[in-house]
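Engineer: Below: one structure in structure tokens.
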Amino acid sequence: MRKPVHILLVEDNEGDILLTTEALEESEIANKISVVRNGKEALDWVFKRHQHENSEAPDLILLDVNLPLKNGHEVLQAIKSDDNVKHIPVIMLTTSSSEKDVHLSYQYAANCYITKPVEVSDFLNAISTLCRFWIKVVTLPKSKI
């Protein structure tokens, strides 16, 4: 039996938070979900700063591109530039299908880029597929922090 996977969801849209957390909770995979709503708080969580100094390090990050305070690309670049946390897989999960956003995400070493489907059933299916692959199939690295 695997230990639960800790997923950090970085999302500012309440509807997408609700849909994503429900889909993750309904998956057949044991996991723990934490949610932050802006890029600055995401970095505070990952780097254990301020109110998140005792937060559990995530095993996997689901990161939106369009965020307040620091956008997803800034968050991704900071994570992937730090030897202590760059091993954490970061999945860009966003409404943006902009070629520029896709390119920048991979340039900053995103592990994959998923454009959120518009239809709820397609969105739930995408999250289910994401869970099956990243949690059941992939071996995630152990936390360094």
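The values are calculated or read from the model by the stated rules, or taken from the named source; none is laboratory data. This structure is a prediction, so every number in the text was calculated from the model and none was measured. Cβ sites come from the backbone with ideal geometry, for glycine too, and all protein chains shown count toward neighbours. SASA here: full protein model, heavy atoms, side chains in, ligands and nucleic acids out. Shrake-Rupley method; radii C 1.70, N 1.55, O 1.52, S 1.80 Å.
Engineer: Modelling each spin label as a point 7 Å along the Cα-to-Cβ direction, I'd like the T139/K3 distance in nm, to one decimal.
Structural biologist: If labels sit at T139 and K3, their model points lie 1.6 nm apart.
Engineer: Something else now. Considering only protein heavy atoms and a probe of 1.4 Å, how much of the accessible area of the chain is carbon and sulfur, as a whole percent? Walk me through the numbers before you get to the answer.
Structural biologist: Working: 3830 of 7580 Å².
Solvent-exposed carbon and sulfur of the chain make up 51 percent of the total.
Engineer: Looking at the calculated P(r) for the stretch 1-56, what percent of the C-alpha pair distances fall above 20 Å? Let's see the in-between values first.
Structural biologist: Numbers: 475 of 1540 pairs.
Of all Cα-Cα pairs in the stretch 1-56, 31 percent lie more than 20 Å apart.
Engineer: Please work out the C-alpha center-to-center distance from the stretch 82-145 to the stretch 33-53 and express it in whole Å.
Structural biologist: Centre-to-centre distance over Cα atoms comes out at 18 Å.
Engineer: Please work out the average accessible area per residue across the chain, using the 1.4 Å probe convention, and give it in Å².
Structural biologist: Details: 7580 Å² over 145 residues.
For the chain, the per-residue accessible area is 52 Å².
Engineer: Any idea how far apart N13 and Y106 come out in nm if each label point goes 7 Å out from Cα toward Cβ?
Structural biologist: Going by the 7 Å Cα→Cβ label model, 2.3 nm.
Engineer: Under 24 Å Cα-Cα from K100, which lysines qualify once same-chain neighbours fewer than 8 residues away are excluded?
Structural biologist: K40, K70, K80, K86, K116
Engineer: How much length is gained on full extension from V120 to N66, taking 0.36 nm per residue of separation minus their Cα-Cα distance?
Structural biologist: Numbers: separation 54, 0.36 × 54 = 19.44 nm, distance 1.99 nm.
Full extension of this stretch gives 17.5 nm more.
Engineer: Right, another one. Among the complete DSSP H segments of the chain, which ones combine at least 24 Å of alpha-carbon extent along their axis with a mean Kyte-Doolittle hydropathy of -0.5 or more?
Structural biologist: Details: long enough: none.
Qualifying helices: none.
Engineer: Residues with amide H under 5 Å of V5's amide H, sequence separation 5 or more or different chain, H placed in the peptide plane at 1.01 Å from N; which?
Structural biologist: N31, K32
Engineer: Follow-up question, since we're still on this one. Suppose every Lys and Arg Cβ carries +1 and every Asp and Glu Cβ carries -1, with no other charges. What dipole size does the chain come out with about its Cα centre, to the nearest 20 debye?
Structural biologist: Numbers: 16 positive and 21 negative charges, 140 e Å.
Computed charge dipole of the chain: roughly 680 debye.
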